[in-house]
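The structure under discussion appears below in the form of structure tokens.
The values are calculated or read from the model by the stated rules, or taken from the named source; none is laboratory data. Since the model is a prediction, treat every value here as computed from it, not as a measurement. Backbone-built Cβ (ideal geometry, glycine too); neighbour counts: all protein chains shown. Just the protein is used for accessible areas: all its heavy atoms, side chains included, with ligands, DNA and RNA removed. Shrake-Rupley method; radii C 1.70, N 1.55, O 1.52, S 1.80 Å.
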Amino acid sequence: MLLLGIVLSGFLLATVAPWLHRVLGRFAGVVIAMLPLGICVLLGTRAADIAAPGGAVVESFEWVPGMGVSLDFRLDGLGLLMAMLVSGIGAAIFIYAGGYLKGERQLGRLYAYLLMFMGSMLGVVLADNLLLLFVFWELTSVSSYLLIGYDHAKAKSRSSALQALLVTGLGGLAILAAALMLADVAGTMTISELAARSDVIHDSPLSLPIMLLLIFGACTKSAQFPFHFWLPNAMAAPTPVSAYLHSSTMVKAGIYLLARFSPVFAADVLWAPLLTWIGAATMFVGAWLAIRQSLLKPLLAYSTISALGAIVMSIGVGSTYAVEAGMVFLLSHAFYKGALFMAAGAIDHETGEKDVDKLGGLGRAMPLLFAATALAGASMAGILPFLGFTAKELTFKALLKSAAAGPEGIALVAVFTISAAFGVVVAARIGLSPFIGKVRPTPVKPHDPPLALMLGPALLAVLGLAAAIIPAVLAMPLVRPAASAILAAEANPDLSLWHGFNLALGLSVTALVVGALVYVMRRGVVGVTEPLQRVLNAIGPAKIYDWALSGVIATAKFQTRALQSGYLRQYVFVTISTTVITMGITLALRGGLGTLPKMGEVRTYEAALVGLILVGAVFTGFARNRLAAIAGLGLVGYGIAILFVLFGAPDLSLTQICIETLTVVLMVLVFYMLPDFRNISAGPQKIRDMIVAGAVGAVMASLVLLTGGLRSGRDVSEFYAANSLPEAHGRNIVNVILVDFRALDTLGEITVLIVAAAGVYALMKVTPARPKREQEGGAP
Amino acid sequence: MTLNVLLAILVGGLFAMGIYLMLRRSIVKLIMGLALLGHGANLLIFTSGGLVRARAPLIEEGETIPSAPFADPLPQALILTAIVISFGVLAFMMVLVSRAYRAVGTDDTDEFTGTDH
Amino acid sequence: MNSTILQTATRYLLPLLLVVSLVIMLQGHNKPGGGFIGALIGAAGFALHGMAFGPKATRTALRVDLVWLMAAGLAMAIASGLFAVVEGSAFLTGQWGSVHVPGFGSIKVGTPLLFDIGVYCVVLGVVMSIVLALLEE
Amino acid sequence: MTLLPVLPILIPLCTACLGMLFYRSLRLQQWVSLFGAGALLVVSILLLVIVHRDGMIAVHSGSWAAPFGITLVADLFGAIMVLLGAITAAAVVVYSIASVDSIRKQYLYHPLVHVLMAGVCGAFLTGDIFNLYVCFEVLLLSSFVLLALGSERGQLEGAIKYVTLNLFSSAVFLSAVGILYGAVGTLNMADLSLKVAQAAQEGRDGPLTVVAMMFMIAFGIKSAVFPLFFWLPASYHTPPFAVSALFAGLLTKVGVYAMIRVFTLIFTHDVGFTHSILLWVAALTMITGVLGAASQGEFRRILSFHIVSQIGYMILGLALFTPLAIAGSIFYIMHHIIVKANLFLVAGVAHLIRGTSDLGRPGIVGVYASAPIVALLFMIPAMSLAGVPPLSGFWAKLILLRAAVDERAFLYVAIALLVGIMTLFSMTKIWAEAFWKSPGESADNENSHDDAPPAKPPRTPFTMLAPIAAMALLTVLIGLGAQPVFELAQRVTDDLLTPSRYIHTVLGSPDAAPSGDAP
């Protein structure tokens, strides 16, 4: 029950969160934060259980066994790392949000969405069933949608929310498709069993599409190039949301997925190069774009993209070192980026200014925040002795190792060095520049933020330092099992801060120095990045998204205008053409000429009668005025009545005569109110219509001919004949059928009549009132 | 020409004229088309239900079964039901059309496009 | 249509048509006819009346609310089927008995007859309400 | 036991009868209507329970043995459909109390709803193809009247298109029945199943395939598949919301039901031909429907086009014709009736709050801020429709997708998935425009997330909110408790793919050729 309870608790608390907010007011955030804190502690106590390689806490409950979906949860090293991040940072976020959005009307809903997100995210990282993972995966997308759109009155928020939802949603569908195929190929939905069947999967022709779909899905979620564009836009969300979902947790779901599946696909020749280069490209583009930004949150968003790329690259490289480095990077990034986001929010909150270039000298007014931000920034810059340094060092080591294998590795080292240097710039821009130098005027007079806003950033920043200094306590228990889980072998990362003077350290220092230089000459470098920005603006993925969206809508409009034109005759035409074509083709393909039954020669009066009816029909069809048409119709009706008499159906004949008379009377009464015929259809249209009408006639006629000879027996009518008098006490078999054998039909028939009468009556009597509130519908 | 060829032509002709009228723009013609279509369908049942020059399915006084050959009573009952139903529908449709004419001000269905745009 | 000829004709025709209509309804089980055709003939009589004297007079002449007539007809038809249910048979199973009419001998009476009377009422009500609604326009 | 399967037809009919008798008192009519809807609900639950426990029931009306009389068959499929119909009807009747105006009620609104239900239930229960036609006419004509009741211009225009195309469908249906009777001499569906199979064995099936196509066309028009759907988006947004909801929930599904019934029970002699056509129909229906929705800017029009697109999914299951796929269709129907009816009901509440159904300004705006409960009640069915887990629509799609993957029909997997995300797009469009957008929003209003308390909207009557909430709850329950529902769908499928059970229940002995025995 532990894992299930952990996952469900978020959802359950979400349902009462708005109410809690109303009752507890400003303390609601702190109270709610107790849940993630508790989860984090609870998970921490289990760390020892899973420290051993292959160790895991496993739970399984039935849910929808018919579809192979069960509540399988599995807490292994990777899951633990992620779940502790989600819950731990979550606790900080709830406290922070309570302070940041104090007094907002809809804060209760925000708590609810955040809790829903937390539950879903925990579900993603703990699920051991492919479809269960997908369920939670989609829920993170939906909660992210609701959270990005928090400022729902702004058009920008809404469109950003939609963009994030569509991009990650599309990825989600890819994952669903991949999951279904994977389950089909591997014969199991259990994620932890997939690795053992990787050769089965590998041998399947579906292996490649599965892998590509998974990578696609993960890349959309983790904002990998070229699907990165939604992430900066998602910054429309309030800062607590950005800090939580869009830097430290949700965007890591894709990375989690790739890590989870790397034991399955590592053997594929495409897996490593694809991930490595997607990651490297993302890392580079993100870093490059980051230094162009001057607003706090976009700055952080692009650097997040860069960091996510770096982690994906590490997973792609896939060596023991690389995976270890990736996990350390993930941890350190969660710490410093969470802290920086919250700090940035605090700066904005306390000064009213978002632009880094317009901030300066805040250090004196807000020393505590400065301290926290500087610590986090230092970790991001990769300075000794912060966890960021350890991560960078390990990554360099891993890359250097693979660099020995060939020129590609050298390229990776170069890209990473540049990206790291740009990271230094971003770190300095946020961690340093707002606080030092000349004091600049801000909309609000700055002072240190209240405790609720300080707690989170300070805690995370300190963690970034502490984890590096005492890795055995704070980093090792998380990183080692995680790396082991990915590698499916025991990992043993070397988290010590000092490895002596070596090439990795040299590159680290180079990155710092280059970063410092770029920081100083920032304006020049921004000029150099201009072309890339211009290309991205013109034909970048964001542009393609816009085109796709407007293209789909334009197609939809065009298609719908063509099909749903509003012209009844077109609807009738399409419907009838479809009918006649379908029937005609079937008749041609499957019809086969049946034997025509012998029914005897036609007698003259019969031919004359049929001729008369046909004349009546044609007369109706081409009449120039309505009275003539009504007369023609009457001719058809009475003619058919005579036909019925000739072929032994007196009841039908009587009915037909009565009905026909009534119809003619009604037609005269009703059409009296309508205008006379006009010639409104164009000539070619008439010819087209005649062709269709003729085709229908031909098909129906041949159908009559073909089926006439099929009749196999008259069991049913023989039964009626035999039982009509003895059992049903009636001599008129037709009437007996109507009131006894098939009375239910007649019951329906009289019901239809009543409804028709009610309809006629209502239509004649009800005149539409002037549009009032209760009157609805109607044409615009 | 055998009997069922003749009736096949009749059924085909009624369907064709019905469809042709349904494709006109005038709402009045539309109704007449539907009426012809109804006649066509009824005759179709009558014909394919086994058309014979036979006695009505009535049991004479003193008999217990109808004397052969008698027409199949079931299609007759079906057609009777169908005739009545199509009368009801037609009556409703006629009034609907006259109301729509009054609301829209024309009998040309090309003007009845308000609800699709 | 304020024609004296029509009015006079109607005065004689209406009772005649009503009698014919009832006969056709009652004999329908054994000869061509039945509730449906019967009702149409009866309705023709009242329609004639409506044209001659105006719909308002016809509504008075009918003596019964048309909605009730229809509802009662439908109820009769349903009820005829429920007789059997009381006996434990399936819905609409015919229940027969014979009634001795003095001077006419024994007549077989059954629920299908009731059903047909229901049909008669419904059809009369339906046709009349349609015709009257149109005449009142 | 012989009465129970008849009751879902009789109760609405009697209710309508009583409603007409009391037509002068709106209060009495209302109570009769509520009582009738409640009784129908109770009876249909009972029917489902009994059928689920004891197997299908056949009742020969008039005690005439099949295939001579009309047999009503309550199998699991029929019973489920009846229950879904009863749920929708109950919700709509309650919702109508406050939302339908008194003029409509004076002109027999309530009795018409119940007649419609009698037709719907009859269609689900009948075992006779001609009686199916009659039931279709009953529900069709009452839908005509309900659609036009009120005589507003839009209603009349929409009704003409609706009526014309549906009457054409009826004519095709009727002709097909006539030819079928002419060819094999029976109307009883169980007997038809035997006779058609027999005819196919004897090589006389060519014309029968044409008849099968006629049924496909007739039911295709009624279930609004491509390219026969035009009547639906032209009319469904014109009547009162309660009526729209009733139509949206039930009418097209009657068509789908009939399609599934006929193409599993009777016309399985040429599956390669008929069902591969259905496959294309399904794909094109999904795509055109969802594109149609994307092009619209009015609440109910968007929803109407989505009906079309969702019908495509249901047909897809039938077309794939594997047990899992058909179970998917069944699940889809169950989910869709509830969700779609509910969305139309929510649209009515939004209309009540803002006085319009158009999206954007001027239109519905700001419901999220002013009526969060309504927003939540929209979000649940909307997300379910889009297939967001773990709501009911997710499972429906999932089953179909698995079935398609099993069949290696990846093209259809892709289409189904893409249509899913387009559905999500439409739903978020409504959400963003009607719920999120604020009334006082300027181009890019900064300080807007502490928006001024919105103008007090008219209070939404409890009778409008309660049915919505109940159906939303049902959506969630089907989602969270998908297993029993899925098992139900599987059992239905099992029955459908083993027609001998149905035939046996109706005709008695497994291979009884109908003889001239007296009942």
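The string of couplings for segment B:59-67 from the Karplus curve (6.51, -1.76, 1.60, θ = phi - 60°) is 9, 5, 4, x, 9, 10, 10, x, 7 Hz, one whole number per residue in order, with x for Gly and Pro. Here is the interface size for D with A: some 10900 Å² of accessible area buried, both sides summed, with a 1.4 Å probe.
With K and R counted +1 and D and E -1, the other residues having a Cβ less than 12 Å from that of D:Leu246 yield a net charge of +2. Computed over chain B, the Cα gyration tensor eigenvalues convert (square root of 5λ each) into semi-axes of 39, 17, 8 Å, ordered from largest to smallest. The peptide list D:3-11, A:409-417, put in order of mean Cβ contacts within 10 Å with the highest first, becomes D:3-11, A:409-417.
Mean per-residue shielding of peptide D:231-237 is 4, counting Cβ atoms of other chains within 10 Å of each Cβ. Heavy-atom accessible area for A:Asp76, with the other protein chains in place and a 1.4 Å probe, reaches approximately 10 Å². Between D:Asp406 and A:Ala266, the modelled label-to-label distance comes to 3.5 nm, taking each label 7 Å out from Cα in the direction of the beta carbon. The alpha-carbon atoms of segment A:358-401 define a convex hull whose volume equals 74 cubic angstrom per residue. Over segment D:231-360, the ratio between the Cα radius of gyration and 2.2 N^0.38 Å evaluates to 1.13.
Shape analysis of segment A:617-703 places it in the oblate category; the axes a ≥ b ≥ c from the Cα gyration tensor give an a/c of at least 1.5, with a/b not above b/c.
Distance between the C-alpha centres of segment C:69-137 and segment A:64-118: 68 Å, rounded to the whole angstrom.
In debye, nearest 20, what is the charge dipole magnitude of segment C:4-135 about its Cα centre with +1 on Lys and Arg Cβ and -1 on Asp and Glu Cβ, if you could check? Mind showing how you got there, number by number?
Values: 6 positive and 3 negative charges, 71 e Å.
It works out to roughly 340 debye.
Given an 8 Å cut-off on Cα distances and at least 6 residues of separation, report the relative contact order of chain A as a percent. Show your work: numbers first, answer last.
Working: 1143 pairs, mean separation 79.6, N = 780.
Relative contact order here is 10 percent.
Projecting the Cα positions of A:Tyr672, A:Val552, A:Pro407 onto the charge dipole of chain A (unit charges on Cβ atoms of Lys, Arg, Asp and Glu, taken about the Cα centre) puts A:Tyr672 furthest along the positive direction. Putting +1 on Lys and Arg Cβ atoms and -1 on Asp and Glu Cβ atoms, find which of D:Ser223, C:Ser106, D:Ile330 reaches farthest to the positive end of the dipole of the protein assembly as shown. Farthest along the dipole direction, towards plus: D:Ser223. If only the Cβ of Lys and Arg carry +1 and only the Cβ of Asp and Glu carry -1, the dipole of the protein assembly as shown around its Cα centre is close to 3800 debye. The angle between the Cα long axis of helix D:26-54 and the longest principal axis of the Cα atoms of chain D comes to about 50 degrees, rounded to the nearest 10. For segment A:416-424, 3J(HN,Hα) computed residue by residue from phi via the Karplus equation (6.51, -1.76, 1.60; θ = phi - 60°) reads 5, 4, 4, 4, 4, 4, 5, x, 4 Hz, glycine and proline entered as x. The share of C-alpha pairs in segment C:4-135 whose separation exceeds 23 Å stands at 40 percent. Take the Cα pairs of segment A:236-293, get the Kirkwood Rh, then feed it into Stokes-Einstein at 4 °C and 1.567 mPa s and tell me D in µm²/s. The calculation lands on 97 µm²/s. The charge dipole of chain A, taken about its Cα centre with unit charges on the Cβ atoms of Lys, Arg (+1), Asp and Glu (-1) only, comes to about 2740 debye.
Evaluate 2.2 N^0.38 Å with N set to the residue count of segment A:325-396, then give the Cα radius of gyration divided by it. Intermediate values should be presented prior to the final figure.
On the way: Rg = 13.5 Å, N = 72, 2.2 N^0.38 = 11.2 Å.
My calculation over the Cα atoms of segment A:325-396 gives 1.21.
Measuring how big the protein assembly as shown is from its alpha-carbon positions, Rg and Dmax come out at 37.2, 131 Å. In units of the rule-of-thumb radius 2.2 N^0.38 Å, chain D shows an alpha carbon radius of gyration of 0.95. Counting only alpha carbon atoms, the long axis of helix D:129-148 and the longest principal axis of chain D meet at about 20°. Couplings 3J(HN,Hα) of segment C:118-131, computed from phi: x, 4, 4, 4, 4, 5, 4, x, 5, 4, 5, 5, 5, 5 Hz, in residue order, whole Hz [Karplus 6.51 cos²θ - 1.76 cosθ + 1.60, θ = phi - 60°; x for Gly and Pro]. Efficiency by 1/(1 + (r/R0)^6): what FRET value for A:Glu530 and D:His52, r their Cβ-Cβ distance, R0 = 60 Å, to the nearest 0.05? Efficiency, rounded to the nearest 0.05: 0.30. Under a Cβ-Cβ cut-off of 12 Å, what is the net charge of the residues other than D:Leu303 that fall near it, where Lys and Arg count +1 and Asp and Glu count -1? Net of charged neighbours comes to +3.
Only helical runs count toward this figure. For the protein assembly as shown, summing -39,500 (n - 2.57) over DSSP H runs of n ≥ 4 and dividing by all residues gives -24000 deg cm²/dmol at 222 nm. Per-residue extension of 0.36 nm, minus the Cα-Cα distance of A:Lys686 and A:Ala405, leaves a gain of 93.4 nm for this segment. Remark: segment A:716-764 projects, on average over all directions, an area of 3.8 nm² (convex hull of Cα atoms).
Helix C:35-53 and the long axis of chain C differ in direction by around 20°, with both axes built from C-alpha atoms.
Which order do peptides A:528-534, A:170-176 fall in by mean Cβ count within 10 Å, highest first? Before the final figure, lay out the partial values.
Details: A:528-534: 12.1, A:170-176: 24.6.
Descending packing order for the listed peptides: A:170-176, A:528-534.
If you look at the Cα atoms of chain A, you get an Rg and a Dmax of 37.8, 117 Å. Counting only residues at least eight positions apart within a chain, or on another chain, the aspartates and glutamates with an alpha carbon under 19 Å from that of D:Lys105 are A:Glu774, A:Glu776, C:Asp65, D:Glu152. For segment A:386-520, the square roots of the Cα gyration tensor eigenvalues, ordered a ≥ b ≥ c, give a/c of at least 1.5 with a/b no greater than b/c, which places it in the oblate category.
State which entries of A:Lys354/A:Lys543; A:Lys297/D:Lys429; D:Lys161/D:Lys222 exceed 20 angstrom in Cα-Cα distance in the structure shown. Numbers along the way, then the final one.
On the way: A:Lys354/A:Lys543 26 Å; A:Lys297/D:Lys429 27 Å; D:Lys161/D:Lys222 13 Å.
Beyond 20 Å: A:Lys354/A:Lys543; A:Lys297/D:Lys429.
What fraction, in whole percent, of alpha-carbon pairs in segment B:53-102 exceed 12 Å separation? Working shown, then result.
Values: 876 of 1225 pairs.
Beyond 12 Å sits 72 percent of the P(r) for segment B:53-102.
Extension gain A:Ala472-A:Val513, at 0.36 nm per residue separation less the Cα-Cα distance, in nm? Let's see the in-between values first.
Values: separation 41, 0.36 × 41 = 14.76 nm, distance 3.00 nm.
Result for the pair: 11.8 nm of gain on full extension.
What translational diffusion coefficient, to the nearest whole µm²/s, does segment A:123-233 have by Stokes-Einstein, given a Kirkwood radius computed over alpha-carbon pairs, a temperature of 20 °C and 1.002 mPa s viscosity? All intermediate terms of the calculation are to be shown ahead of the outcome.
On the way: Rh = 14.8 Å.
In µm²/s, the coefficient is 145.
Between the residues A:Ala682, A:His202, A:Pro443, the greatest Cα displacement towards the positive end of the dipole of chain A, with unit charges on the Cβ of Lys, Arg, Asp and Glu, is found for A:Pro443. Between A:Glu601 and A:Val615, the distance separating the two model label sites (each 7 Å from Cα on the Cα→Cβ line) works out to 2.4 nm.
Reported to two decimal places, what Rg/Rh ratio describes segment A:199-272 when computed on Cα atoms with Rh from the Kirkwood expression? Display every interim value, and only then the final one.
Values: Rg = 14.8 Å, Rh = 13.4 Å.
Rg/Rh: 1.10.
With the biggest extent put first, the Cα atoms of segment D:1-91 measure 43, 26, 16 Å across the principal axes.
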